[in-house]
Number of protein chains: 2
Amino acid sequence: MQTNNVAQVNVLTLETMNQNVRQVEYAVRGPMVLRAVQIEEELKKGVKKPFTEVIKANVGDAHAMGQKPITFIRQVLALCAYPALLEDDKFPEDAKLRARRILDGCGGQSIGAYSASQGIECIRKDVASYIEKRDGGIPSNHENIYLSTGASDAIVTMLKLLICGEGRTRTGVMISIPQYPLYSAALTELQGVQINYYLDEDKCWGLDVGELRRSLTAAREHCNPRALCIINPGNPTGQVQSRQCIEDVIRFAKEEGLLLMADEVYQDNVYAEGCVFHSFKKVLFEMGPEFSSVVELVSFHSTSKCYMGECGFRGGYMEVVNLDPEVKAQLTKLVSVRLCSPVSGQALMDVVVNPPQPGEPSYATFTKERAAVLADLAEKAKLTEESFNNVPGFHCNPVQGAMYTFPRITIPQKAIDQAAGQAPDQMYCMKLLETTGICLVPGSGFGQREGTFHFRMTILPPKEKLKYVLEKIAEFNAQFLQDYS
Amino acid sequence: MQTNNVAQVNVLTLETMNQNVRQVEYAVRGPMVLRAVQIEEELKKGVKKPFTEVIKANVGDAHAMGQKPITFIRQVLALCAYPALLEDDKFPEDAKLRARRILDGCGGQSIGAYSASQGIECIRKDVASYIEKRDGGIPSNHENIYLSTGASDAIVTMLKLLICGEGRTRTGVMISIPQYPLYSAALTELQGVQINYYLDEDKCWGLDVGELRRSLTAAREHCNPRALCIINPGNPTGQVQSRQCIEDVIRFAKEEGLLLMADEVYQDNVYAEGCVFHSFKKVLFEMGPEFSSVVELVSFHSTSKCYMGECGFRGGYMEVVNLDPEVKAQLTKLVSVRLCSPVSGQALMDVVVNPPQPGEPSYATFTKERAAVLADLAEKAKLTEESFNNVPGFHCNPVQGAMYTFPRITIPQKAIDQAAGQAPDQMYCMKLLETTGICLVPGSGFGQREGTFHFRMTILPPKEKLKYVLEKIAEFNAQFLQDYS
Ligand SMILES: Cc1ncc(COP(=O)(O)O)c(C=O)c1O
Ligand SMILES: Cc1ncc(COP(=O)(O)O)c(C=O)c1O
């Protein structure tokens, strides 16, 4: 027993906490964002700045940037939350139909009941039908669908299932560089070995199997690589993979005995001419049973992106293919410890996979709203690329898909020398924030080839604001180059 | 590279998956529930059974058992989901006020935007006010509030922060036996050392500091005990801790240098005369600065229980007290990796902590609905206790609070001998399920003193159904005792 004279020390300190957690880095909500929030407070208090508002172009959060929710989605959610509205004439019949179906799938007909751990069965069936339709008829079984708390949750859950072993047998997971930092953060926390493969900036952030092989071979020296993660369309890089490339990746995964994790949360966000979204599931099955019966594939989707941008509801699903049935049982057990994913997020996912059909009263409005969002994004993708490629020192690949641009920027040696402890692109972004109120994420938060510098910016601000942002960045960049030349 | 002739083996198998996950046990949604679901399917297909429906008294899920949502809560949620309703006269002004305030706290005024990782600021402020009021004015700071995906998420997050070390320095966490199996499951997954302390069934499941000390001393031989978890009111045991007992626990935690985790999700569920809910936070501060300035305390709340029973929304919060500021920063970083908890759950939590006030239009209805739910639960608590104490071989403590009864049952030696690999109370519950359709959780899923047997049953079924359940269990028990005498 401690005596009371001993000065009490905290049980939990930086030194005594879980060091794996301590090592986690997460740039998307890191120091830039903390400073952005401070600046907002300062502005509110009347502190004078060379700008009047902070523009958060750091997070892929469409509604926060002013995008309006899709009417039909929110009607169904309101009906589910408050079923008395089912008697209200102002709500269209097809919305009521969806709501009734969802409520019928809920315990006690309430979205306030816990669902089955894997998710509400009728919603998983709707997800499976959606996947079948999307993939031209390739079958999908609702027993392979797990509804999740956003895609984040499903991705972390799969990594948790995978990662084990010690030292040289420790599980390694291949991720693209640049990457979405959820992957590196989860790997650090779970102590998986992060295996980097680099996307080719000069080939429009393309994925090359030669690079996969190089990276895998090197990793085999020190760990046990077991999974390969792909983000398509890419975040932060905005590329859309060709069918050929996906085939090559699948072939590689089979040859090398890797489980594939396909992050397809941007599957509706394809803008560039000639680019089409191909799901890994579809390509896998089109390659024939030699592949489709053996390669383990987990693909992820979310309500947060695409045309709906419903991030706050934390809806998502994963589909598991060729997972060992015993492992699937373990997965189900694991997710049941946290009871279930948010039922309102599950309901939202249901509307996404089962939208109004031709002939239904909401079809026209729904279709118009969806098309408007996607057309606007496509226009902004083009605008951003063109504008950045006119900035001296910038090189910007086309934003073929997703919601981001990741231009390469030039940082003069003098600036690099003066960045001190900071990553040079972090210093660049911080100065931009202080000068213009524009909040971006430095490329170092995603990973980039040594000696190159980037930032990630979302294309989500409304067009007029985006134009302002693009101008301000160009101005700032000119001044920056001059200051450090 | 593997050659194509080698028979392809799955990457992920029972043997090659994370063995910590494999070892996790979770009885509340375990084999009993899987069988219950099967039986439901069989009934649907017309298979003849000695009963017509499965009654799931295994999960604390009020709405699934027919409890109706509180009108005001759902009105606010519908308004948040579909703000066009703010123009609708059918919704009361106080509900609109709440909805506007929540929407003002959201990015782009939409609950479809990600929130700050810690949760929406104005909701955290409302939570802090609620705590202050609940605790008779003891201050609460919204910077210490973290909104979470149900209490489950917050509990696991805290354990994740805590658990580290190897061998004898591995973090140990004290939990009550019987326990809520989230704790054992999380400890297994995170490889923390589970330290059992036993509640005293003969003293109404009371917590005794002598037993805490015994358990801690024994644990110090093989691990590094750093935290003490308490569930009050208790699940599965239904006791409500006295103020004195809480003081003793706090004193013990201080003396022994333990961080306290107080699971107070049932804080409104107190039924027995003479019992009052005291929060650990309040007692800690009433004990004076010698305690309130040093003891690290994390307390948890949820939207899932109490009078609202809104499990599906996955709302919750934790309040951290005396946490090292650097650790708090780490906690904030950790939760930011998953972006944020569901905003609809955050909104629901806001209504819970900021309900209609006297003078507001919804006050009367809200108060009536809440009182009706709690009165009904109190009546069912009493009914259950009395009924079970009339069953030969049962011993049932009063259900002072929470939503469960955990009677001790008698299992004849012959039945124990025939249970084979199964836990005897699992065999008992399985037979009950097959005979009556009633789904309970065996005591072995929660932990119990060697040689004693229990089951957990919720008191949530509607009164008439509960009466039926109590009768059926009594009948089944008589037959069981006879069969194995
Ligand atoms: C590539 C990628 N995967 C997953 C996620 C996680 O999204 P959520 O958890 O909101 O579904 C994001 C979010 O930005 C993302 O960009
Ligand atoms: C004691 C206790 N803690 C925590 C929880 C988790 O509840 P939730 O995650 O739904 O908030 C429960 C649920 O039954 C519980 O009984």
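Considering A:293, A:341, A:304, A:299, which residue is among the polar types (S, T, N, Q), under 29 Å from residue A:258 (Cβ atoms) and surrounded by fewer than 19 Cβ atoms within 10 Å (Cβ to Cβ)? Matching residue, one of A:293, A:341, A:304, A:299: A:293. Per the conditions (1) without any contact (Cβ under 8 Å) to a residue 60 or more places away in the chain; (2) part of a loop (DSSP other than H, G, I, E, B); (3) among the aliphatic types (A, V, I, L, M), the sole criterion not satisfied by residue B:329 is (2).
Within the option set B:351, B:337, being β-branched (Val, Ile, Thr) and within 16 Å of ligand 1 (Cβ to nearest atom) holds for one residue only, B:337.
Restricting to region B:49-91, name every residue that is more than 11 Å from chain A (Cβ to nearest Cβ), in contact with a helix residue (DSSP H, G or I) (Cβ under 9 Å, 6 or more places away or on another chain) and surrounded by fewer than 19 Cβ atoms within 10 Å (Cβ to Cβ). Scanning region B:49-91 gives B:49, B:50, B:51, B:52, B:53, B:86. For region A:307-318, which positions are within 7 Å of ligand 1 (Cβ to nearest atom) and either basic (Lys, Arg) or surrounded by fewer than 24 Cβ atoms within 10 Å (Cβ to Cβ) (or both)? Matches in region A:307-318: A:314 only.
Can you find even one residue in region B:413-429 that is more than 14 Å from chain A (Cβ to nearest Cβ), within 16 Å of ligand 2 (Cβ to nearest atom) and farther than 22 Å from residue B:477 by Cβ? No: region B:413-429 contains no residue that is more than 14 Å from chain A (Cβ to nearest Cβ), within 16 Å of ligand 2 (Cβ to nearest atom) and farther than 22 Å from residue B:477 by Cβ. On the given criteria, is residue A:220 more than 16 Å from ligand 1 (Cβ to nearest atom), within 14 Å of another protein chain (Cβ to nearest Cβ) and more than 28 Å from residue B:21 (Cα to Cα)? Against the criterion (more than 16 Å from ligand 1 (Cβ to nearest atom), within 14 Å of another protein chain (Cβ to nearest Cβ) and more than 28 Å from residue B:21 (Cα to Cα)), residue A:220 does not qualify.
Could you tell me whether residue A:235 is of a type in the set (S, T, N, Q), within 14 Å of chain B (Cβ to nearest Cβ) and surrounded by 24 or more Cβ atoms within 10 Å (Cβ to Cβ)?
Working: of a type in the set (S, T, N, Q): yes; within 14 Å of chain B (Cβ to nearest Cβ): yes; surrounded by 24 or more Cβ atoms within 10 Å (Cβ to Cβ): yes.
Spelling it out, residue A:235 is indeed of a type in the set (S, T, N, Q), within 14 Å of chain B (Cβ to nearest Cβ) and surrounded by 24 or more Cβ atoms within 10 Å (Cβ to Cβ).
Taking region B:349-360 as the range and being assigned to a helix (DSSP H, G or I) and of a type in the set (Asp, Glu) as the test, only B:350 passes.
Region B:1-118 holds helices (runs of 4 or more DSSP H) entirely within its bounds, and those carrying 3 or more residues that are within 27 Å of the chain's Cα centre (by Cα) map to B:19-23, B:31-44, B:71-81.
In the set A:264, A:255, only one residue is within 14 Å of chain B (Cβ to nearest Cβ), away from ligand 2 (no atom under 16 Å from the Cβ) and within 23 Å of residue A:320 (Cα to Cα); that residue is A:255.
All conditions but one from (1) within 16 Å of ligand 1 (Cβ to nearest atom); (2) assigned to a helix (DSSP H, G or I); (3) farther than 25 Å from residue B:234 by Cα apply to residue B:346; the one that does not is (3). Here's a check for you: in region B:292-332, which residue that is of a type in the set (Lys, Arg) and at the interface with chain A (Cβ under 10 Å from one of its Cβ atoms) is farthest from residue B:109 (Cα to Cα)? So the residue we want is B:328.
Can you name the helices (runs of 4 or more DSSP H) wholly within region A:361-472 that have at least 2 residues being buried (at least 22 other Cβ atoms within 10 Å of the Cβ)?
On the way: elements: A:363-389, A:413-418, A:424-436.
Counting at least 2 such residues, we get A:363-389, A:424-436.
Among the residues of region B:188-207, those identified as away from every other protein chain (no Cβ under 11 Å) and either buried (at least 22 other Cβ atoms within 10 Å of the Cβ) or touching a Leu at 6+ places or on another chain (Cβ under 8 Å) (or both) are B:193, B:194, B:195, B:197, B:199, B:200, B:205, B:206, B:207.
Suppose we filter A:138, A:155 for residues that are crowded, with 18+ Cβ neighbours inside 10 Å and of a type in the set (A, V, I, L, M, F, W, C); which single one remains?
Working: A:138 fails: crowded, with 18+ Cβ neighbours inside 10 Å.
Answer to the selection: A:155.
Quick check on my filter: what residues within region B:333-355 are more than 16 Å from residue A:113 (Cα to Cα), more than 7 Å from chain A (Cβ to nearest Cβ) and not polar (S, T, N, Q)? B:335, B:340, B:347, B:350, B:351, B:352, B:353, B:355, listed by residue number.
Taken over region B:137-168, the criterion of being within 10 Å of chain A (Cβ to nearest Cβ) and more than 16 Å from ligand 2 (Cβ to nearest atom) is satisfied by B:161, B:162, B:163, B:164, B:165. Of the candidates B:380, B:414, the single residue that is in the same structural domain as residue B:452 (by TED's automatic domain parsing) and at pLDDT 95 or above is B:380.
Can you say whether residue A:273 is in the same structural domain as residue A:204 (by TED's automatic domain parsing), of a type in the set (D, E, K, R), part of a loop (DSSP other than H, G, I, E, B) and more than 16 Å from ligand 1 (Cβ to nearest atom), as far as the supplied structure shows? Give the steps one after another, and end with the answer.
Details: in the same structural domain as residue A:204 (by TED's automatic domain parsing): yes; of a type in the set (D, E, K, R): yes; part of a loop (DSSP other than H, G, I, E, B): yes; more than 16 Å from ligand 1 (Cβ to nearest atom): yes.
Yes.
Residue count for region B:28-39, restricted to those that are within 12 Å of chain A (Cβ to nearest Cβ) and in contact with a Lys or Arg (Cβ under 9 Å, 6 or more places away or on another chain): 5.
Checking each residue in region A:265-324 for being out of contact with any strand residue (DSSP E or B) (no Cβ under 8 Å at 6 or more places or on another chain) and under 30 Å from residue B:81 (Cα atoms) picks out A:268, A:305, A:306, A:307, A:308, A:309, A:310, A:311, A:312, A:313.
Screening residue A:132 against (1) away from chain B (no Cβ under 13 Å); (2) acidic (Asp, Glu); (3) farther than 21 Å from residue A:263 by Cβ leaves a single unmet condition, (3).
Taking first residues from region A:356-371 that are within 15 Å of residue A:76 (Cα to Cα) and partners that are surrounded by 11 or more Cβ atoms within 10 Å (Cβ to Cβ) and of a type in the set (Gly, Ala, Ser), the Cβ contacts under 8 Å between residues at least 6 apart in sequence or on separate chains come to A:356/A:362; A:362/A:95.
The values are calculated or read from the model by the stated rules, or taken from the named source; none is laboratory data. Keep in mind the model is a prediction, meaning the values are calculated, not measured. Quick reminder, even Gly has a Cβ in these numbers, built from the backbone with ideal geometry, and neighbours come from all protein chains shown.
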